[in-house]
Structures are given as C-alpha cells and as structure tokens.
Amino acid sequence: MKRILIFLMAIVTLAVTSPAFATKRSIMELPLFERAVLIIKKFETLHKPKHWPYVGYGHQVQPGEPYRRGVQLTEAQADALLRKDLAKFCSLYSQYGKDSVLLGALADNCGPGVVNKSSILKKLKSGDRNIFKAYTSHCRYKGKRHKGLYNRRLTELAALFIP
C-alpha cells in the first residue's frame, strides 16, 4: 500500500511541476522521449559550476569536450545536451522497442555499463515484463538507499514503461 501511495505521489508531483501542466496537458499525452526529458530535468536540475565535472542536466564532461570548469550552461544549451545524450542512450537500446526510452533514461542516470549488466535487461531479453523490483533497486547513492532516486525510478516506471 505504501509503495502504491508513493508511486501515485510521484506521478502527481511530476504532472504538477512539469511545463505540460501549465498548458493543462498531461505528461502522458507527450511522446515517451519528451516524458523522459521532463523527468530527467525534474530530478537532475540544472547543474552549477560547483558540480564540475557535471554540466547541464547531469552530463559528465569527457576528455576533449568543449565544456570548461566554472562556466554554467544556459537552459537551451543544457536542454540540447540532454536531448543529445538521451538520444544516444536510447539508440543503444533500440532493439528493445518500446523499452528503449526507459532503458535510455536509466543509462543517462547510472551509465550504460550498469544497465547492460542489470537484471532489468536480462528480464526484458527473456520476455519477462515484471521489472518493478529490479528497476527500483537502482536507487542507491554511495551504497545507501536514496529516497529521491527511488521516487525517480517510480516516476520513470509510471511514465515510460509500457507493460
């Protein structure tokens, strides 16, 4: 019962705080990719220069990229970078069809190495759609369960997973 209540609270929170709410639209009316963008923006927020080597919405700067320490990206730059990263991660899992955006959103947060070794991917490969427990297990930060990450996983499942 508690899980269901938290799950519903996550959906309501996402719906109320998203730009789609301002136009009286539901997040569920948007394409999956746009839903993922809104969820990532909500949970990552725009990183500040003190968060280096992370810029934009959780992008980790790689060697050779043009981003400099101490410079904050604009909203437009951060949005473009997020969309580029998410598209790259979704394309890694394109063979999973309707699940590619869900897997891409998880890879954007945890990294594709984590997703590739996960029980989520194994279950989906085998045709098992019962991934709730496996997906929500990816909510640890520095070895401890993190409530914010758990809420993020619930929101991602509710908005991006098509049973």
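Of note:
- Residues that are open to solvent by 20 Å² or more (accessible area, probe 1.4 Å) and of a type in the set (A, V, I, L, M, F, W, C), drawn from the stretch 140-157: 149
- Criterion (at pLDDT below 90 and under 22 Å from residue 56 (Cβ atoms)) met by exactly one of 113, 70, 104, 143: 70
- Residue match in the stretch 124-134 (condition: on the phi > 0 side of the Ramachandran plot and open to solvent by 60 Å² or more (accessible area, probe 1.4 Å)): no
- Test: residue in the stretch 25-47 that is more than 15 Å from the chain's Cα centre (by Cα), at pLDDT below 85, on the phi > 0 side of the Ramachandran plot and open to solvent by 80 Å² or more (accessible area, probe 1.4 Å): no
- Failed criterion for residue 47 (all others in (1) out of contact with any Lys or Arg (no Cβ under 9 Å at 6 or more places or on another chain); (2) under 30 Å from residue 129 (Cβ atoms); (3) outside any helix (DSSP H, G or I) hold): (2)
- Of the residues 118, 137, 100, the single one that is polar (S, T, N, Q) and open to solvent by 40 Å² or more (accessible area, probe 1.4 Å) is 137.
- Evaluation of residue 162 against (1) buried (at least 19 other Cβ atoms within 10 Å of the Cβ); (2) touching a helix residue (DSSP H, G or I) at 6+ places or on another chain (Cβ under 7 Å) (one fails), failing number: (1)
- Residue tally, condition open to solvent by less than 70 Å² (accessible area, probe 1.4 Å), farther than 15 Å from residue 48 by Cβ and part of a loop (DSSP other than H, G, I, E, B), over the stretch 60-79: 1
- Screening the stretch 80-163 for helices (runs of 4 or more DSSP H) wholly inside it with 2 or more residues that are hydroxyl-bearing (Ser, Thr, Tyr) and touching a residue at least 12 places away in the same chain (Cβ under 8 Å) returns the ranges 132-136, 147-160.
The values are calculated or read from the model by the stated rules, or taken from the named source; none is laboratory data. The structure displayed is predicted, hence computed values, not measured ones. Ideal geometry is used to build each Cβ from the backbone, glycine not excepted, and the neighbour counts take in all protein chains shown. Please note that ligands, DNA and RNA were not included when accessible areas were found on the heavy atoms of the full protein model with its side chains. Shrake-Rupley method; radii C 1.70, N 1.55, O 1.52, S 1.80 Å.
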